[in-house]
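Working notes, structure below.
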Amino acid sequence: MAKSVISEGKTKAEAIEKGLKQINLPKELVEIKVIEENKKSFFDILAPKIVKVEIKEKEAKKPEEFEIETTEEELEKAKTDIDKFLNEFLKNLPEDTKYELTIKDKCIYASITGSKIGNLIGYRGEALYALENILKAIANKTSENKVIVRLDIEGYKEKRIKTLEDFAKRKAQIVEKTGKTIILEPMQAYERKIIHSFIQNNPKVETRSIGQEPHRKIVISKK
């Protein structure tokens with residue numbers, strides 16, 4: 001259930017500041033509504049001004065979930081289209097660069113390996129995710145239902161999963177110990193899903209997502 005508090009102060013800013021301390025949430029995660037504001041008149045000029053605000057926690061959104069209704073025919077067609085693209089694309093890379101495509105759990109997995117292809121990964125996987133988006137666009141060009149595509153290059157994502165899980169564990173421990181809410185920096189949807197999945201096993205903290213792509217962030221708070 002969403003938390004809410006009524007707070008008052010001599011100014012709106014003061015009332016909001018007090019309310020945020022009471023509800024123990026950052027401003028980004030609450031809705032603020034002025035419910036009372038006593039404006040002074042000539043006759044009560046000596047009376048203190050009071051502003052009351054209601055601060056209510058925003059409704060939590062569930063972690064990203066993917067609805068997969070893709071047919072086997074659509075998956076095979078998408079795989080063939082991706083295969084053609086990668087076959088041409090990799091001709092410009094070192095000769096030992098190879099790729100593999102597999103279909104599992106109604107999802108197409110693409111893996112690229114080879115030497116000197118770090119530029120395909122980029123800083124924090126930016127180039128990798130850009131290429132993954134291209135593969136998604138190709139896969140969904142003629143598909144009626146959404147085709148899910150996952151790309152990994154030289155096992156980058158496997159290593160990143162471990163890094164993100166360790167990171168999530170540390171942040172969850174801080175929230176659990178201090179009770180303060182933490183807002184992480186924007187992440188890719190795939191990385192947010194890793195953190196959501198890892199922390200959902202913790203009975204004392206919970207996660208939600210806020211903001212719009214590509215600036216969507218994870219919020220970790222105490223239950």
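The values are calculated or read from the model by the stated rules, or taken from the named source; none is laboratory data. It should be emphasised that the depicted structure is a prediction, and the values quoted were computed from it without experimental measurement. Note that we place each Cβ from the backbone using ideal geometry, even for glycine, and neighbour counts take in every protein chain shown.
How many residues are loosely packed, with under 13 Cβ neighbours inside 10 Å and within 18 Å of the chain's Cα centre (by Cα) when one looks only at segment 140-168?
3
Considering only segment 187-198, I want to know if a residue exists there that is β-branched (Val, Ile, Thr) and not assigned by TED's automatic domain parsing to the domain that holds residue 103. Don't jump to the end; show me each part of the working.
If we filter segment 187-198 for residues that are β-branched (Val, Ile, Thr), which is where we start, we get 194-195.
Next, only the ones that are not assigned by TED's automatic domain parsing to the domain that holds residue 103 stay: 194-195.
Checked against the condition, which is being β-branched (Val, Ile, Thr) and not assigned by TED's automatic domain parsing to the domain that holds residue 103, segment 187-198 yields at least one hit.
Counting only residues that are basic (Lys, Arg) and under 31 Å from the mean Cα position of the chain (by Cα), which one in segment 70-97 is farthest from residue 141 (Cα to Cα)?
That would be 79.
Taking the residues in segment 101-120 that are β-branched (Val, Ile, Thr) and assigned to a strand (DSSP E or B) as candidates, determine which candidate is surrounded by the fewest Cβ atoms within 10 Å (Cβ to Cβ).
102
Of the residues 43, 85, 66, which is surrounded by 13 or more Cβ atoms within 10 Å (Cβ to Cβ) and either at pLDDT below 85 or in a helix (DSSP H, G or I) (or both)?
85
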